[in-house]
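First comes the structure, then the notes that go with it.
No value in this document is a laboratory result; all are computed from the given coordinates. Every value quoted in this text rests on a predicted model; they were computed, and no experiment measured them. Cβ placement follows ideal geometry from the backbone for every residue including glycine, while neighbour counts extend to all protein chains displayed.
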Amino acid sequence: MKIEISKIIKTKRKTIALQITEDGKLIVKAPFGVSKETIQKVVTKHKDWIEKKKKEILSRAPKFVKKEFVNGEGFLYLGKYYKLRIVDKQDTPILFDNNHFYLLRDYLPVAKEVFIDWYKKKAYEKISERVEWYAKKRGFVYNKIKITKANQRWGSCSSRGNLNFSWRLIMAPLPVIDYVVVHELVHLEEKNHSKSFWTKVKMLMPDYEKHKDWLKRNGYLLTL
Ligand SMILES: [Zn+2]
């Protein structure tokens with residue numbers, strides 16, 4: 001059976017990558033110059049994976065719903081949903097009072113950007129605080145913290161000791177954020193996911209598996 005490809009994206013990349021969208025469609029990212037036949041071969045070869053992944057995404061509950069920025073819509077922050085209220089008057093484009101999000105009506109056309117800016121700022125504050133706490137506790141030395149707009153990676157650690165985290169993490173519960181923080185801090189000492197890497201993670205966070213699992217199951221919800 002031939003598998004339907006919804007879209008082929010040609011880029012400067014070196015390898016072919018398969019991606020299943022939130023609505024179960026197959027997207028192929030391929031280097032320039034790769035033929036349709038080659039792509040079809042790769043797709044056929046990974047048929048089982050594609051079908052499994054599609055099933056997994058389509059059977060997920062709750063379904064991810066793209067935000068519309070309307071009154072009463074829920075927005076995640078530290079693992080909880082808060083309802084949005086569109087207001088006509090306030091001093092900043094967005095406001096959060098631990099109860100609701102308030103968005104100034106004039107900013108509706110750029111609501112997504114306004115939210116992402118807010119999330120980024122909060123992510124930087126909270127993640128810096130957690131990194132510092134764990135670094136002190138265990139004597140890790142890191143360089144800089146950066147908040148990224150990565151979609152596929154929650155965090156990364158560079159060879160120069162810079163720690164990068166996706167802004168989307170701030171939507172997750174705090175213990176889940178802590179797990180990613182611990183994970184990246186341990187990478188300062190252990191580059192690979194070796195046995196000793198996981199031993200060190202466990203020493204800092206005995207119940208890390210629970211949070212790692214949460215992220216795997218719910219990560220798709222952490223976006224706008
Ligand atoms: Zn890792």
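Laid out as a table, the results:
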{"item": "Kirkwood Rh (inverse of mean 1/r, distinct Cα pairs), the chain, angstrom", "result": "19.9 Å"}
{"item": "Cut-off 20 Å (backbone N to label point 7 Å along Cα→Cβ of F96), residues of region 186-224", "result": "215, 218-224"}
{"item": "Overall form of region 25-143 per C-alpha gyration tensor (a/c, 1.5; a/b vs b/c)", "result": "oblate"}
{"item": "Cα gyration tensor shape for region 74-115, rounded if a/c is under 1.5, else prolate or oblate", "result": "prolate"}
{"item": "Phi to ³J(HN,Hα) by Karplus 6.51 cos²θ - 1.76 cosθ + 1.60 over region 216-222, Hz, x for Gly, Pro", "result": "5, 7, 10, x, 5, 7, 7"}
{"item": "HN-Hα J in Hz across region 162-173 - Karplus 6.51, -1.76, 1.60, θ = phi - 60°, x for Gly and Pro", "result": "7, 10, 10, 9, 6, 4, 5, 4, 5, 7, 7, x"}
{"item": "Size of electric dipole in the chain: Cβ of Lys, Arg +1 and of Asp, Glu -1, about Cα centre, debye, nearest 20", "result": "960 debye"}
{"item": "DSSP bridge orientation in the chain - percent antiparallel, rounded to nearest 5", "result": "50 percent"}
{"item": "Dipole-positive endmost among L185, L76, P109 within the chain (Cβ charges, Cα centre)", "result": "L185"}
{"item": "Exposed GluC sites (Glu not before Pro) absent - longest run of the chain, DSSP non-H/G/I/E/B, at most 13 other C-beta within 10 Å", "result": "69-188"}
{"item": "Inter-label distance, nm, simple model (7 Å from Cα along the C-beta direction), K10/F197", "result": "3.5 nm"}
{"item": "Rg/Rh for region 156-205, where both radii come from Cα atoms and Rh is the Kirkwood radius", "result": "0.98"}
{"item": "Region 32-41 - phi-based ³J(HN,Hα) in whole Hz, Karplus 6.51/-1.76/1.60, Gly and Pro as x", "result": "4, x, 7, 6, 4, 5, 4, 4, 4, 5"}
{"item": "Set of region 62-80 residues, backbone N closer than 14 Å to the point 7 Å along the Cα-Cβ line of L108", "result": "68-73"}
{"item": "Cα-projected label distance for E22 with V87, points at 7 Å along beta-carbon direction, nm", "result": "2.7 nm"}
